[in-house]
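Asks: What follows is a structure written as structure tokens; I'll ask about it next.
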Amino acid sequence: MSAAILTLNAGSTSLKATLRTAERDDRVLFAAEAERANDVWTLQTGDRREQVDGEIDRAAIKVLERASAAHSAIDTLAVAHRIVHGADSYVHPCVLDHHAVERLRSFARFAPQHQGPALGLIEAVRSVLPEAINIGCFDTAFHETIPALHHMLPLPERLRALGYRRYGFHGLSFQSIATQLAATRPDLRKVVVAHLGGGSSLCALHGGKSIATTMGLTALDGVPMTTRSGSLDPGVVLDLVRRSGVETIEAMLYGKSGLAALSNRRISSRSARRSHRKPSGRLLRPCVRSCGTVTGRSPAIRFGLLPRGSKS
């Protein structure tokens with residue numbers, strides 16, 4: 001029986017799955033994507049489309065069942081999960097046992113659109129693939145190389161001791177870009193890379209290592225995104241909270257701001273991708289300038305556009 005590894009990438013309204021051989025040839029055996037709209041998931045596997053009601057775990061179970069049916073002679077040894085927030089507790093991939101899952105669940109308030117759905121997949125996997133090992137791979141881990149001066153927040157020390165600092169996200173994407181640049185453009189030692197999708201951020205790389213990024217404690221920081229606000233004057237947030245309350249403003253900043261608010265219309269995944277192909281200089285220039293200051297000179301810029309349907 002051939003061995004394989006399954007990767008799962010859970011977003012707020014999306015799920016991507018890939019089954020690969022565990023041997024050196026690293027062949028893709030199965031791939032599926034699912035998107036949610038109005039509490040209904042549309043699952044795409046090749047030319048086959050199907051709708052699934054419920055939460056992301058229902059969509060994940062359907063994906064796992066399809067993969068098992070298509071490759072019944074495959075032994076899935078491990079399932080690798082993209083976990084958005086590992087804080088400073090998880091800087092390397094780790095086995096997702098009960099203790100790790102509960103610890104990671106405590107970070108959900110910093111990534112409310114991503115952390116919960118990703119952790120919810122683990123039980124779904126266990127119900128279909130009870131013998132497979134679940135491994136967590138963390139977006140925040142790539143940014144552990146950022147110098148302390150740049151990940152420190154100007155807050156009282158007692159709060160910094162509780163973990164309030166800049167972490168950065170999209171680390172798995174940036175790591176992939178850094179690896180590709182090292183292979184194709186080793187002359188680019190200092191470069192700013194941009195991850196552009198439903199969630200977007202920039203990262204300054206020096207020798208393939210992260211030294212600055214536009215996101216901070218949460219995935220709400222940085223450049224304006226499809227529906228997320230990006231960086232705001234803290235006084236604006238305080239005033240809005242006084243007027244409307246925390247839950248209302250949280251929902252607005254995550255779901256009704258960003259490019260959708262600037263254009264005064266609903267932004268689809270497709271239109272967001274089109275707008276990111278011609279990124280607004282007015283919106284990105286301050287972030288590029290900031291990253292350039294950290295790299296010490298005007299850096300090269302590389303953009304990473306996500307495939308259709310990606311929300312991150």
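The values are calculated or read from the model by the stated rules, or taken from the named source; none is laboratory data. In this text, all values refer to a predicted model and were calculated from it rather than measured experimentally. Cβ: placed from backbone, ideal geometry, glycine included. Neighbour counts: every protein chain shown. With ligands, DNA and RNA removed, areas are computed over all heavy atoms of the protein, side chains included. Shrake-Rupley method; radii C 1.70, N 1.55, O 1.52, S 1.80 Å.
Asks: Roughly how many nanometres apart are two label points built 7 Å out from the Cα toward the Cβ at residue 73 and residue 263?
Replies: Modelled inter-label distance: 4.8 nm.
Asks: Take peptides 139-146, 98-105 and line them up by average Cβ neighbours within 10 Å, highest first, as a rough protection proxy.
Replies: Working: 139-146: 22.9, 98-105: 14.4.
Most protected by this proxy first, the peptides run 139-146, 98-105.
Asks: Could the peptides 44-52, 225-233, 88-96 be put in order, highest first, of the mean number of other beta-carbon atoms found within 10 Å of their residues? Let's see the in-between values first.
Replies: Values: 44-52: 12.1, 225-233: 19.8, 88-96: 15.6.
So the peptides 44-52, 225-233, 88-96, ranked by packing, come out 225-233, 88-96, 44-52.
Asks: Let me ask something else about it. In Å, what is the Rg of the alpha-carbon atoms in region 193-235, and how long is Dmax?
Replies: Radius of gyration, then largest Cα-Cα span, for region 193-235: 11.1, 37 Å.
Asks: With every atom except the alpha carbons ignored, what do you get for Rg and Dmax of region 1-154, in angstroms?
Replies: Considering region 1-154 through its Cα atoms, Rg and Dmax are 16.2, 55 Å.
Asks: Provide Rg and Dmax in Å for region 147-199, with only Cα atoms included in the calculation.
Replies: Final numbers for Rg and Dmax: 15.2, 45 Å.
Asks: Next up: Sort the following peptides by mean Cβ neighbour count (other Cβ atoms within 10 Å, averaged over residues), highest first: 19-26, 258-265, 151-158.
Replies: On the way: 19-26: 12.9, 258-265: 15.6, 151-158: 10.8.
Ranked by mean Cβ neighbours within 10 Å, highest first: 258-265, 19-26, 151-158.
Asks: Something else: Using a 1.4 Å probe, what is the accessible area per residue for region 1-116, in Å²? Can you show the working numbers first?
Replies: Values: 5980 Å² over 116 residues.
Accessible area per residue, region 1-116: 52 Å².
Asks: For a paramagnetic label modelled at 7 Å from the Cα of residue 246 toward its Cβ, which residues of region 102-137 fall within the zone defined by backbone nitrogen distances under 16 Å?
Replies: 106-113
Asks: A further question on this structure: For region 34-89, what % of the accessible area comes from carbon and sulfur atoms, probe 1.4 Å? Write out the running numbers ahead of the final one.
Replies: Numbers: 1200 of 2890 Å².
Looking at region 34-89 in its full context, I get 42 percent from C and S.
Asks: Computing the accessible area with a 1.4 Å probe over protein heavy atoms, can you report the carbon and sulfur percentage for region 132-233? Don't jump to the answer; show the numbers that get you there.
Replies: On the way: 2440 of 4140 Å².
Ligands and nucleic acids excluded, carbon and sulfur reach 59 percent.
Asks: Rounded to two decimal places and with Rh computed the Kirkwood way over Cα pairs, what is Rg over Rh for region 103-160? Walk me through the intermediate numbers first.
Replies: Working: Rg = 15.8 Å, Rh = 14.2 Å.
Rounded to two decimals, Rg over Rh is 1.11.
Asks: Add +1 for every Lys or Arg and -1 for every Asp or Glu among the other residues with Cβ under 13 Å from the Cβ of residue 155, and state the total. Spell out each step's value before the answer.
Replies: Values: positive: 158, 160, 165, 166; negative: 157.
Local charge sum for residue 155: +3.
Asks: Give me Rg over Rh for region 102-254, both radii from the alpha carbons and Rh done the Kirkwood way, two decimal places.
Replies: Numbers: Rg = 17.4 Å, Rh = 17.3 Å.
Dividing the radius of gyration by the Kirkwood radius yields 1.01.
Asks: Under the definition of Cα pairs under 8 Å and six or more residues apart, what whole-number percent is the relative contact order of region 1-107? Kindly include the intermediate steps, with their values, before the conclusion.
Replies: Details: 157 pairs, mean separation 28.0, N = 107.
About 26 percent, as a whole number.
Asks: Next question, about the same structure. What does the extension gain come out to for residue 37 and residue 135, with contour length at 0.36 nm per residue minus their alpha carbon separation? Could you put the intermediate results ahead of the total?
Replies: Working: separation 98, 0.36 × 98 = 35.28 nm, distance 2.83 nm.
Length gained between residue 37 and residue 135: 32.4 nm.
Asks: Pop a pseudo-label 7 angstrom from the Cα along the beta-carbon direction at both residue 92 and residue 209 and give the gap in nm to one decimal.
Replies: 1.7 nm
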